[in-house]
Amino acid sequence: MSIVLGLVLAAIAVLLVALPFLREPVAADDRLAVPDAEEDRRRELLEDRDRALAALKELELDHRAGKIDDADYRELIGPQRREAAAALRALQRRYGSEMAAFETPDLPPEPTPPPDEGSPPTPVPVPEPYPPPDEATIPQE
Amino acid sequence: MSTRSPARLVVALAVAGVLAVFLLYTAVAGHSTPTLTPSQLGTHSGKLAIVGVVVGPSRGDSHSARGLRFGLRNIVGSSKVVPVVYRGDSPPPLFTVGRNVVVSGSYANGRLAANSIVTKCPSKYTATTSGA
Amino acid sequence: MADLGRAALVVSLGLSVYALVAGATAAITNRRRLATSARNALFCCFGSTLVAAVVLASALVRHDFSFTYVAQHTNRTLTTPYALSAFWGGQEGSLLLWLLVLTGYGSLAVALNRKLLRDLTVWVVPVLAGIGTFFAFVLVAVASPFGTQTAPLDGNGLTPSLQNPYMVAHPPMLYLGYVGLSIPFAFAAGAMLSGRTDERWIVATRRWTLAAWAFLGFGQLLGAHWAYVEVGWGGYYAWDPVENAALMPWLAATAFLHSVMIQERKGMLKVWNMVLVALAFELSVFGTFLTRSGVVNSIHSFSKSPIGSWFLAFVVISTVFSLALIMWRLPLLKARTKLESALSREATFLYNNLLLVALCLTVLWGVLFPIVTQVFKGETRTIGRPYYDFFLRVFGLPLLLLMGIGPLIAWRKASFRGLVKLLAWPIAVSILCGVALVLVGAGSSKPGLIAYTFSSFVLATIVLELVRGTRAVGSVFTLISRNRRRYGGYVVHAAIVLLAIGIAGSSAYGTSTRARLTPGQSVSVAGYTLSLRDVRRTQVPNATETRAVFDVGGRWHGTLSSGDNQYIFPPEPSREVGIKTSWARAEDLYVIADDVNVKTHVVFVQVLVKPLVNLIWVAGIVFLLGAGIALWPDAREQRRLVTRLAPARV
């Protein structure tokens, strides 16, 4: 009985392992659909964008939380914003305006400073990364 | 973008090198103890540890002036029996004749004056008298 | 049924070899159907291993002593949980558990990532299959759990002193941790083999790494608690090689978890991360080798078998493979940015990594030292506790400090002025704490005082982070739910602080005394007075219990007893300690009556007072909470990742 069960197990395994070849005895295209250079570039650009926007968001959060003072914030925000803007422009150049829009941020608005304090300009609200498309529109394999 | 910084590499290697030397020195000169079997004792003396199996009979009391007296021989293979006198806390409850132990102390004139006994945990699984 | 188990393992071996060969061929030649076939083989390998596991588990529960393994590890009196715990209690069963968890984890990781990371998973499959092939081979050819014999009337039961819940929980926790580190390793190797060394492999395995690390950490704490309450020597960690075998991969994984954040944020430390993930994996296999080979002396007893040399060969081959892979792909592992300032969060993460790896290598050196001296000097020398304690302070105390500074310091570049301003309150709190501690007498131990002071600094920074963040965002729940990794990490840091306080308190500020007592006599320590009331011997099923009963006065009034149990079947003794935990006084009163003479009523007793030791166990709970927060799935983040990784629309 054990031997029979063992043989059944082996047979099931062989069947499942052979399944891709049984389903497509002759495949029109047997190449692995690995990302091409264009896919890689797109992904890199999206990574750059998400990384820059996440860093910007964290910088804004840290500033609002008082972890970064105004002087340090002024020094850091410029390069960070330029990085984010460059990432967004790179995406826009390549893929058009659909990548340019973004949601409003989820942080509360910066409180207006009293007029007699030499406060920095109110920062632009931090954009969330490009809103994800509906899952239904993501191409399935 | 520049990714190479030889200065950083040199500093890191230097720190690693100093650390390695320090570790080696500490390990060699500092806190290591020879751990020998009875047959390896040879002309050793001083602070060391002996790994062996307890041979009896074990006599005496570790709390008394005369101490707990027993012997140690090689776990594997034959060897002389090294007499041990242990003084200190009661030995671990698993200490018994036939148990593998590591005994630490001072070895001189063919005898170990021990101050620490560590017993290996017994096999997790042992026969019951009713069965095997 | 044993035949079915053997057959299932042979099928597993065949499938893993196929997955290795076919998977590698498919990846190299870019063949889709073959890659799918190899992936199916990995899934089926899990299936057949599961069949083998069910066969063994069923035999254990049924006490089928025709299985040699079952007869060697259970007897008829063993209850089901302990009979099942024999699965991992013995050599062969624990190897089967390794293979089961490996193929299970591997199948799940590959299944979850097969669409979005198809270019990586095609390489991950043969790497996982390679590891699986080794374990399957050992199970089939060297250490099979399905050997059979003429069934005896009864088998070897689990030593009564080991029949406690820890035996059921501690080993599987550790295995889930050890084996879990194979997943990030396989994905890292897959990234290098495929030439796609971007951050996707890190993102894909982030939760796997965190889960494995959490299991390994919590498993170690379970073991420490087991030692504390059951073994009865008054301590919880002996720097034993088997204990260190779990600590080393955990330290490497801790360093890895931190440095991957830098790679994700800044594209830096790519080579370092590859080295770390390989180190964590190799150390987990090396730990398995250590516990089975008997090459180093350990109080933990495991069956010795020729398996040690097989494991050593596997460790050597996989290490050479990892190093060769890293060297080959060095050009692809160049950093995208550089470290801009020594005063930045990136830099503090780097310092933290160096300290963690230094501590890991220190422990590794201590473990290997007896082998090294035997090989080079012909004489085994062992390294004692003082070595480990010294380096724990040298590396651990700065690490503690960095835990407080790191989260507050800005990315890229922080100004010294800004940092001092930010740290002003935590520094003030820690100074006040330090002064208060000195005033109450904690200055008796400098390392202890430093540990407490640094701990108060870190706790103050964590509280400050929470308060500031909550003010900025509106609610603490929103703050944590929108920043799960970060705040989960802070909770874990808080756990480490509790651990540090508990260790410092119980070791640096503990007191102990020894005494020889007869009934009516007493001993005092740290405000407690213990009077020996009586010596008792009681017969219970399968054991004779000998106890010295103490009346305790002073800071607590009550009764404590301690002594030993002498079991009948098998004839083994076990020490039974008396522990009184007081949360109000934040300490344990720990009594070890290590020589109780029933005839003369003379008792040799050791009494210890261990301040704050229970914070170590509380730290375990907090640790799990922090890991849970960090692991908490984030639907928005998941959608972002899908967008990034999904193939572009035409």
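Every number in this text was worked out from the coordinates using simple rules, so none of it is lab data. In this text, all values refer to a predicted model and were calculated from it rather than measured experimentally. All Cβ positions, even for glycine, are placed from backbone atoms using ideal geometry, and neighbour counts span all protein chains on display.
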Given chain C, what count of lysine pairs have C-alpha atoms under 13 Å apart, with each pair 8 or more places apart or on different chains? 7
Among rounded, prolate and oblate, which fits chain C when a ≥ b ≥ c are the square roots of the eigenvalues of its C-alpha gyration tensor, a/c under 1.5 means rounded, and a/b larger than b/c means prolate? oblate
Distance between modelled label sites at C:Val320 and C:Ala635, nm, 7 Å Cα→Cβ extension: 5.2
Does the protein assembly as shown come out rounded, prolate or oblate, given a ≥ b ≥ c as the square roots of the eigenvalues of its C-alpha gyration tensor, rounded meaning a/c under 1.5 and, failing that, prolate meaning a/b above b/c? oblate
Within 10 Å of each Cβ in A:36-45, how many Cβ atoms from other chains are there, averaged over the peptide? 3
Exposure proxy check: A:Met1, C:Met261, C:Met173 ranked by fewest other beta carbons within 10 Å? A:Met1, C:Met261, C:Met173
Quantify how strongly other chains surround peptide C:463-473 by giving the mean number of their Cβ atoms within 10 Å of each of its Cβ atoms. 4
Each residue of the stretch C:317-332 in turn: what ³J(HN,Hα) in whole Hz from Karplus with 6.51, -1.76, 1.60 and θ = phi - 60°, glycine and Pro shown as x? 5, 5, 5, 4, 4, 4, 5, 4, 4, 5, 4, 5, 9, 3, x, 8
With the dipole of the stretch B:35-119 defined by +1 on each Lys or Arg Cβ and -1 on each Asp or Glu Cβ, the option from B:Gly67, B:His44, B:Asn109 whose Cα lies farthest towards the positive pole is B:Asn109
Cα-centre dipole for chain C with unit charges at Cβ (Lys and Arg positive, Asp and Glu negative), debye to 20: 2800
Which whole-Hz ³J(HN,Hα) couplings does the stretch A:43-58 yield from phi under the Karplus relation 6.51 cos²θ - 1.76 cosθ + 1.60, θ = phi - 60°, glycine and proline marked x? 5, 4, 5, 5, 5, 4, 4, 4, 5, 5, 5, 5, 5, 5, 4, 5
Estimated inter-spin distance, C:Val168 and B:Arg111, nm [label 7 Å along Cα→Cβ]: 5.2
I'd like to compare C:403-409, C:339-345: which one has the highest average count of other Cβ atoms within 10 Å, and what's the full order after that? C:403-409, C:339-345
Given the options C:Cys360, C:Gly177, C:Val492, identify the residue whose Cα lies farthest towards the positive end of the charge dipole of the protein assembly as shown (+1 on Cβ of Lys, Arg; -1 on Cβ of Asp, Glu). C:Cys360
Per-residue [θ]222 nm for chain C (sum of -39500 (n - 2.57) over DSSP H runs n ≥ 4, rounded to 500): -22000 deg cm²/dmol
Peptides ranked, highest mean first, by Cβ atoms within 10 Å: ranges C:203-215, A:14-26, C:39-51: C:39-51, C:203-215, A:14-26
What does the charge dipole of the stretch B:35-119 about its Cα centre add up to, to the nearest 20 debye, if the Cβ of each Lys and Arg holds +1 and the Cβ of each Asp and Glu holds -1? 180
Please give the charge dipole size of the stretch C:170-394, origin at the Cα centre, charges +1 on K and R Cβ atoms and -1 on D and E Cβ atoms. Round to the nearest 20 debye. 620
Note down the relative contact order for chain C as a percent, whole number, built from C-alpha pairs under 8 angstrom at least six residues apart. 10
How big is the gap, in Å, between the Cα center of the stretch C:471-490 and the Cα center of the stretch C:232-252? 34
